[in-house]
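For reference, the structure discussed in these notes is given below.
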Amino acid sequence: MKEKKDFLEAGKIVGLYGVSGQVKVQPWADKPEVLLSYRKFFIDGNEYIVQSGFVNAKAQVILKFSGVDTTESAEGLKNKVMMIARSDINKIPGHVLIADMIGMQVVSADGEKVGILEDILPKPASDILLVRAENGKEILIPCISEFIKSIDEKQCCITVKLLEGMI
């Protein structure tokens, strides 16, 4: 079974906002608002407490951290990845975190090995599973109920229904 990480990537600080030490974050979540529900993040192993935040028109999260009060102090955070402690995540029962899905075995509904989940690509209509077959071929599977039949976190396995020609 795949070992779960204690900290999960939440987004990347891509710039500064204003002159009071606020930062612009490119969120790595289904919805940028999700990041606003967290009061602390970890950057390079250091804990940062959120004083305030909002989502701007470009779907970036603007955060103000305690103790980061100038553009000079915020400048050192640019291009850094923000982490969330797994223990702080309020996971919805029955949902699986994307970070926990990467690396899972993907099998067809009839039990045939398809490959390993390498990435999940966000697309407007639905996310796409990028599966790497043993022969190195990439297989793209829409992340919708017609194709994804089950995700077994304990067995580290995703069962999918494939159409002819997908492999």
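The values are calculated or read from the model by the stated rules, or taken from the named source; none is laboratory data. Everything numeric in this text was worked out from a predicted model, so none of it was measured. Don't worry about glycine lacking a Cβ; one is built from the backbone with ideal geometry, like all the others, and counts go over all protein chains shown. Surface areas here come from the heavy atoms of the whole protein model, side chains and all, with no ligands, DNA or RNA. Shrake-Rupley method; radii C 1.70, N 1.55, O 1.52, S 1.80 Å.
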| query | (1) 18.7, 59; (2) 14.8, 45; (3) 15.6, 55: which one is Rg and Dmax of the Cα atoms in Å as calculated from this entry? | reply | (1)
| request: At 0.36 nm per residue, minus the direct Cα-Cα distance, what do A99 and A133 gain on full extension? Give it in nm, one decimal, please. | output: 10.3 nm
| note | Rounded to the nearest 10 Å², the 1.4 Å probe accessible area of E9 is 110 Å²
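With respect to the cross-link table entries K31/K78; K58/K149; K80/K137, which display a Cα-Cα separation exceeding 27 Å? Please list the in-between numbers first.
Working: K31/K78 21 Å; K58/K149 34 Å; K80/K137 32 Å.
Going by Cα-Cα distance, K58/K149; K80/K137 fall outside the 27 Å limit.
Around S20, with a cut-off of 14 angstrom between Cβ atoms, what is the net charge of the other residues, counting Lys and Arg +1 and Asp and Glu -1? Please report the intermediate quantities before stating the final value.
Numbers: positive: K24, K64; negative: D69, E72, E75.
Within the 14 Å Cβ shell, the charges total -1.
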| said: Just to verify a number: what accessible area does C143 come out at with the full protein assembly present, 1.4 Å probe, Å² rounded to tens? | reply: 50 Å²
